[in-house]
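**Student:** This is the structure I want to talk about, given as C-alpha cells.
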Amino acid sequence: MENTIRQLRERLETLNAEIRELVKERDERNTKVSEFSKEAKENKALRDEINERVKEDVELRKEALEKIRSLNKDIEALKTEREDLYAAMEKSKMKPRNPTALREEIEKMEWKLVTSVLSLKKENQLVDLIEQNTKVLELSEKVDKIRKHMKAIYEEKSELKEKLTELNERIKEVRGESEKYHQRMLYAYQRANEIKKEADSYHNQFVERKEERDKVFKDYRELIDRKEKMMSTLREEKIRKKVEAIRERDELLRSRAKKILEEFRKGKKLNTEEFRILQEGGLL
C-alpha cells in the first residue's frame with residue numbers, strides 16, 4: 001500500500017506541474033488573443049472612419065458624373081437645334097455670320113435708307129437686303145446663342161472633370177489608407193484566431209490533466225483513508241491487547257497475592273518480593 005501511495009503522490013506532483021505549465025501557456029496565449037483582438041478593433045475603427053469620409057467624396061463624384069451626363073444631353077440637344085438652324089439657313093441659301101458685324105451693317109443700311117435720296121428701285125433693293133440680313137441676323141443670333149451656351153457647358157464640364165480627377169485621386173489615396181487598416185485588421189483577427197486555437201488546445205489538455213489528477217487524487221485519498229483506518233484499527237488492537245495483557249497480569253498478580261496471603265496467615269514469613277506482590281495485588 002505504501003508503495004502505491006508513493007506512486008500516486010508522485011503522479012499527483014507530476015500532474016500538478018503539468019497543469020501549472022498548461023495554465024501558464026493557455027493564459028499567455030489568451031493574453032495575446034486579447035491584444036490582437038484589441039488591435040483588430042482599433043484598425044477596424046480607423047478603417048470605418050476613413051470609409052465614412054470617403055463616402056462623402058463618392059457621393060460628390062456621383063453627383064458630378066450625373067451632372068456631366070445631364071450636360072452631355074444638353075449639348076446633344078443644342079447640337080440638334082444648331083443643325084436644324086443650319087439646315088433652315090442652307091435651304092434659304094443663307095450662311096451664318098457674326099451677329100455684331102451684321103448688326104452694324106444693317107444699322108448702316110437703315111441709316112442710308114433714312115438719310116439718302118434713292119431711286120425707288122434702289123430703295124426697294126435696300127429694303128429687301130435689310131430684310132434678308134435681318135433674317136440672317138435672327139438666325140445667326142440663335143446660332144451664336146447656342147454656341148455661347150455650348151461653350152459655357154463645355155467650360156462647366158471641364159471644371160467638373162477637373163473636380164472628378166481631384167475626387168478620384170483623393171478617393172484612391174484614402175481607399176489605399178483604408179485598405180492598409182483593413183489588411184492590418186484581417187491580420188490581427190487571423191493571428192487572434194490562430195492563437196485562440198492554441199489556447200483552446202492547451203485548455204483541453206488542462207481539462208484532461210485536471211480530470212486525471214482528480215481521479216488520481218480520489219484514489220490517493222481513498223488509500224490514505226484506508227491506511228488511516230487500518231492504522232487506527234491497529235492502534236485500537238494494540239491498545240486492546242495491552243489492556244488485555246495488563247488485565248491478565250493483574251489477575252495473575254491477584255491470584256499470586258491471594259496465595260501468598262493464605263500462606264502468610266498460616267504463619268509463613270514474607271520476603272520482600274512477596275510483600276511487594278501483596279501491595280500491588282491490593283491485599284495490604
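**Student:** May I ask for the angle, rounded to the nearest 10°, between helix 2-91 and the longest principal axis of the chain, with both axes built from Cα atoms and the value confined to 0 to 90°?
**Tutor:** Helix 2-91 sits at roughly 10 degrees to that axis.
**Student:** Moving on. Can you give the extra length, in nm with one decimal, that the chain gains between N168 and D219 once fully stretched, where that is 0.36 nm per residue apart less the Cα-Cα distance?
**Tutor:** Full extension of this stretch gives 10.9 nm more.
**Student:** Report the charge-dipole magnitude of the chain in Debye, nearest 20, computed about the Cα centre from +1 at each Lys and Arg Cβ and -1 at each Asp and Glu Cβ.
**Tutor:** Dipole of the chain, to the nearest 20 debye: 2120 debye.
**Student:** Angle check, please: helix 99-115 long axis (alpha carbons) against the longest principal axis of the chain (alpha carbons), in degrees 0 to 90, nearest 10.
**Tutor:** The angle comes out at about 30 degrees.
**Student:** Here is a follow-up. Over the Cα atoms of the stretch 50-169, Rg to Rh with Kirkwood Rh, two decimal places?
**Tutor:** Rg divided by Rh gives 1.30.
**Student:** Right, here's the next one. Any aspartates and glutamates with Cα under 18 Å of the K229 Cα? List them, leaving off those in the same chain fewer than 8 positions away.
**Tutor:** E2, D219, E237
**Student:** Step through the table entries K32/K172; K142/K163; K62/K157; K44/K172; K108/K135, compare each Cα-Cα distance with 24 Å, and write down the pairs that go over it.
**Tutor:** K32/K172; K142/K163
**Student:** Give me the net charge for the shell around D74: Cβ to Cβ below 11 angstrom, other residues only, Lys and Arg +1, Asp and Glu -1.
**Tutor:** +2
**Student:** Now for a separate question. Return the whole-Å distance between the Cα centroid of the stretch 23-56 and the Cα centroid of the stretch 178-242.
**Tutor:** Spelled out, the Cα-based centre of one part sits 32 Å from the other.
**Student:** Could you tell me which label, among [x] 14.3; [y] 12.6; [z] 34.5, carries the value of mean projected area of the Cα convex hull in nm² calculated for this structure?
**Tutor:** Answer by label: [z].
**Student:** A further question on this structure: Give the range of the longest stretch in the chain that excludes all trypsin sites (Lys or Arg not before Pro) found in loop regions by DSSP and having at most 12 other beta-carbon atoms within 10 Å.
**Tutor:** The answer is 94-265.
**Student:** Rounding to the nearest 20 debye, state how big the charge dipole of the stretch 95-197 is about its Cα centre with +1 on each Lys and Arg Cβ and -1 on each Asp and Glu Cβ.
**Tutor:** 700 debye
**Student:** How far apart, in nm, are the 7 Å Cα→Cβ label points at L118 and E104?
**Tutor:** Here the answer is 2.0 nm between the modelled labels.
**Student:** Still on this structure, please answer the following. Return the calculated 222 nm mean residue ellipticity for the chain, to the nearest 500 deg cm²/dmol, obtained by summing -39500 (n - 2.57) across DSSP H runs with n ≥ 4 and dividing by the residue count.
**Tutor:** That comes out to -35000 deg cm²/dmol.
**Student:** Using only the Cα atoms of the stretch 121-204, build the gyration tensor, take square roots of its eigenvalues as a ≥ b ≥ c, and label the shape rounded, prolate or oblate: rounded if a/c is under 1.5, else prolate if a/b is larger than b/c, else oblate.
**Tutor:** Note, shape of the stretch 121-204 comes out prolate.
**Student:** Could you pull out every one of the aspartates and glutamates with an alpha carbon less than 17 Å from that of K145, ignoring same-chain neighbours closer than 8 positions?
**Tutor:** In chain and number order, the partners are D74, E76, E81, E83, D84, E155, E156.
**Student:** Averaging over all projection directions, find the projected area of the Cα convex hull of the stretch 47-104 and quote it in nm² with one decimal place.
**Tutor:** Result: a mean projected hull area of 6.2 nm².
**Student:** For the stretch 103-155, report the translational diffusion coefficient in µm²/s to the nearest whole number, using Stokes-Einstein at 10 °C, 1.306 mPa s, and a Kirkwood Rh over Cα pairs.
**Tutor:** 126 µm²/s
Readers should treat all values here as calculations from the given coordinates under stated rules, not as data from a laboratory. Fair warning: this is a prediction, and the values are worked out from it, not measured in the lab. Virtual Cβ from ideal backbone geometry, glycine too; neighbours counted across all protein chains shown.
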